[in-house]
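The values are calculated or read from the model by the stated rules, or taken from the named source; none is laboratory data. As the structure is a computational prediction, the values presented were derived from the model and not from experiment. Here the Cβ positions follow ideal geometry from the backbone for every residue, glycine too, while neighbour counts run over all protein chains shown. Only protein heavy atoms, including side chains, enter the accessible area calculation; ligands, DNA and RNA are left aside. Shrake-Rupley method; radii C 1.70, N 1.55, O 1.52, S 1.80 Å.
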Amino acid sequence: MPPKKRHSGVTQSREPKPDADSASSPDKQDSPELSEKKHREKDATFVSLCKSLHVSDLVCDRAWALWKTVQESMDKVPGSQERLWGACLFVIVTDMDIGCFTVTQVLKAVSLNLKQFLVVVRQLDVNLDTISTKVNSALTRLEKKYDVMLALYQRFEKTCKNIFVLTPDGKERETTRTCWTMFLLSKGRALQMEDDLVISFQLLLCTLELFIKRCSPDQLQPLYQSAISKVQTPPTRTSRRSQSKAKSRPVEPEVDAQLLETLCKDNECNIEEVKNVYQTSFMAFLESVDLSRSTDFPQVNFINQQYEEHYLKSRDIDGRLFFDGDESVLPPKVEISQVERTPKKNQPDEDGPMIPPQTPIRAAMTSIKMLRGDLPPNGDQPSTALATYFKNCTVDPTQDVQKRLETLGQVFSQKFGEAVGPRCVVYGRQRFALGVRLYYKVMEAMLKSEEKRLSVQNFSKLLNDSTFHTSLLACSLEVVMATYEESSFKNGGSDQTGTNLCFPWILNVLSLAAFDFYKVIESFIKAEQTLSKDIIKHLETCENLIMERIAWRT
């Protein structure tokens, strides 16, 4: 059987709440409730599972037919029948795009954690050709989203220990639970691409900032007490009088720059990027839940209810279960490696500085820091040396280069915003600005190398070639997005456009032929000596994808 494509993007349809409103779902329109009389020939336990997951007669019939096919194709059915039944039901409702149950509900019904469930569903594909591209997309998206959420929760748990003081009554537990739930809600509202690790982590820091500055100093560890006391003092009588005079104009809680800086420093995150996320996505989220003008703690019940609605509509994993240590979201024991918990030395026999554990978030933050550090600070314009190469051309390409960057910058930022989420165009501009700095840096290195090799300074033909510039820019942007974990092959990559930024998304956005992109990759890698092994491997994967299939499309 030929290998099948695994896609990470899938369109999510709305799932109704389990109440009267659920009659609006396509499934409920066919059959509001499963009729047991129609399914007497089926296994009673299977029918009971279908009933507990509120599926229609049609879904029940199709899932049973799929199960019979699975039985016939296997000499011996691995594992329990109930688990494979759950997999069959998931495949059918995903293919039919029907909102019967959430991922968490099916995990609970068949007593599996998410990773185990993914293995069971993919078993169907190993034994017979039953999994559609649509189901593959859903599985890959689900796995990536779970991996991101797990990484975020592990970092959240560790960060909270550095922030909050443990109390005998466990009051900090309630605070951190509400904080985590509010973060999940903000991520769901702000991002349609919820598997974006970096922007999600930046939103998490914004949420923590909001909660920290509402805590009394005795609830905080010394580092955060000092960070918050510089900007927050108890209201005086004068300030109370002033507030009463301006009741019609409530004070909006502005970002606490000192506190946010402490959080960013503690988590190796770029402060300017986090401020940007706070002022765009996070403030818009606070407005949407009517919390932007409040100086109180968000109401626990309100935040829970809002997130419950989001979770049911998305038919996804209930992220609150990470906080509870629920078995359905616990990672398999083999994945909880000692490496993530215990720092190691460079050499076993050497005394020296300890290397911090390399978690997914730390790896991403380190890569971003390295990328930014390797780029010239004022690199949004050609350097003096590069400007000289432009002037030495028979036809000076400077104006064309600038116009092209302006046009493509607008296109890239717009498409980035459409893919990632509302108000995310500004993050697209940030990525593009970094891409431009890398583009100029690599171009200069290429020209210096060619000048040394050919002993010429007039590169008019090359520098007036629009395809060369677009290809080099596309390669630079791909490196930036791979560094930010927005274009990644870790969970299979994708050929789909739309809400997935994985290669070849950049080719579609810049209207670039795959083979033209392919032609600059080797030169790019040679010219940019600071690329990490992971980024080089990413570009090589792009090369392989182009030669294996993308370049041969009509």
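For an R0 of 60 angstrom, estimate the FRET efficiency from the Cβ-Cβ distance between Lys134 and Asn162 and round to the nearest 0.05.
0.90
Highest mean first, what order results for 139-148, 398-407, 516-525 on Cβ atoms within 10 Å?
139-148, 516-525, 398-407
Can you put Glu548, Glu309, Glu486 in order of accessible area, largest first, using a 1.4 Å probe?
Descending accessible area places them as Glu548, Glu309, Glu486.
For Lys461, which aspartates and glutamates qualify as cross-link partners when the Cα separation must be under 17 Å and same-chain residues fewer than eight apart are set aside?
Excluding near neighbours in sequence, the set is Asp396, Asp400, Glu444, Glu450, Glu451, Asp516.
Do the alpha carbons of any pairs in Lys134/Lys187; Lys134/Lys537; Lys37/Lys144 sit beyond 30 Å of each other, and which pairs? Can you show the working numbers first?
Details: Lys134/Lys187 24 Å; Lys134/Lys537 27 Å; Lys37/Lys144 40 Å.
Long pairs (Cα-Cα over 30 Å): Lys37/Lys144.
Round to the nearest 0.05 the FRET efficiency obtained for Lys519 and Ala363 when R0 = 22 Å and r is the Cβ-Cβ distance.
0.15
At 7 Å along the Cα-to-beta-carbon direction for both Lys448 and Leu223, put a label point, then send me their distance in nm to one decimal.
So the label points at Lys448 and Leu223 sit 3.8 nm apart.
Given a Förster distance of 30 angstrom, what is the FRET efficiency for Glu548 paired with Gln71, based on the Cβ-Cβ distance and rounded to 0.05?
It comes to 0.30.
In what sequence, largest accessible area first, do Thr133, Thr295 appear using a 1.4 Å probe?
Thr295, Thr133
Ordering Lys108, Lys115, Lys68 by how much accessible area each has at a 1.4 Å probe, largest first, what is the list?
If we order Lys108, Lys115, Lys68 from most to least accessible, we get Lys108, Lys68, Lys115.
Name the residues whose placed amide hydrogens come within less than 5 Å of the amide hydrogen of Leu291, ignoring near sequence neighbours (fewer than 5 apart) on the same chain.
It is none; the list stays empty.
Considering amide H positions built from the backbone, and no H for Pro or chain starts, which residues 5 or more places from Gly99, or on another chain, come under 5 Å of its amide H?
It is Asp27, by chain and number.
For Phe164, which sequence-distant residues (separation of 5 or more, or a different chain) have an amide H within less than 5 Å of its own amide H, given hydrogens modelled in the peptide plane?
Hits under the 5 Å cutoff: Gln221.
Read phi for every residue in segment 425-433 and hand back ³J(HN,Hα) as whole Hz from Karplus 6.51 cos²θ - 1.76 cosθ + 1.60, θ = phi - 60°, with x for Gly and Pro.
4, 4, 6, x, 5, 4, 4, 5, 4
Mind listing the phi-derived Karplus ³J(HN,Hα) values for segment 184-194, rounded to whole Hz, using 6.51, -1.76 and 1.60 with θ = phi - 60°, and x for any glycine or proline?
4, 5, 5, 5, x, 7, 7, 10, 8, 9, 6
Tell me, what ³J(HN,Hα) does each residue in segment 84-90 have, in order and in whole Hz, if you take phi through Karplus 6.51 cos²θ - 1.76 cosθ + 1.60 with θ = phi - 60° and put x for Gly and Pro?
So the Karplus estimates, Gly and Pro as x, are 6, 4, x, 5, 4, 5, 4 Hz.
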